[in-house]
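Everything on this sheet refers to the single structure shown next.
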Amino acid sequence: MRSPYTQLYLHLVWSTRDRHPYLADPDLRRRVYECINAECTGRRADVLAIGGIEDHVHVLVRPPAVIAPAELVKSMKGASSHMVNYEIGAADYFKWQGGYGAFSVSKRHVPMIRDYVLRQEEHHRDERLWIPLEPPPPGARQ
């Protein structure tokens with residue numbers, strides 16, 4: 001095999017600075033997601049899902065083996081904040097938090113995590129902030 005073969009899946013999460021609801025405007029949120037997707041595409045990372053609410057973003061991505069998660073997140077956050085501040089010219093200075101969460105995902109859990117990422121608004125509206133990896137036992141409350 002001449003090139004590396006990988007099946008890496010990452011669930012990445014980060015929030016806005018001080019959890020400020022910068023992304024409350026659906027149009028701005030859509031544009032931020034488009035920018036994140038474009039940045040990943042430019043780095044040969046496959047975006048499987050992007051979701052979130054007004055103060056944080058989730059991204060499920062399949063990165064190439066040649067890019068570190070920290071480098072990928074830095075580029076997504078940098079490109080999107082630059083776009084909001086300098087191309088859109090947002091009224092408030094937009095800024096992401098300094099850190100992020102990165103979680104490896106097994107291939108068999110990708111569909112479940114993808115659904116979770118895409119349904120963030122519903123999860124937060126219903127206050128369901130966990131991901132069941134196995135079906136609940138019969139009679140268990142959900």
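Readers should treat all values here as calculations from the given coordinates under stated rules, not as data from a laboratory. It should be emphasised that the depicted structure is a prediction, and the values quoted were computed from it without experimental measurement. In this analysis, Cβ positions are derived from the backbone assuming ideal geometry, glycine residues included, and neighbour counts consider all displayed protein chains.
Quick notes
- For region 43-82, the list of trypsin sites (Lys or Arg not before Pro) that fall in a loop by DSSP and count at most 14 other C-beta atoms within 10 angstrom reads R44.
- Loop-located chymotrypsin sites (Phe, Trp or Tyr not before Pro) in region 1-106 (DSSP state not H, G, I, E or B) with no more than 14 neighbouring Cβ atoms inside 10 Å: Y5, Y93.
- Reach of K107 by Cα under 30 Å, taken over lysines that are not fewer than 8 positions away in the same chain: K74, K77
- Highest mobility in the GNM of the chain, judged by mean-square fluctuation with C-alpha springs under 10 Å and restricted to D46, D25, D92, is found for D92.
- Under 19 Å from the Cα of K95 - aspartates and glutamates, other chains or at least 8 residues apart: D18, D25, D27, E34, E39, E54, D55, E71, E87
- Put a plus charge on the Cβ of each Lys and Arg, a minus charge on the Cβ of each Asp and Glu, and nothing anywhere else: the dipole of the chain about its Cα centre is then about 580 debye.
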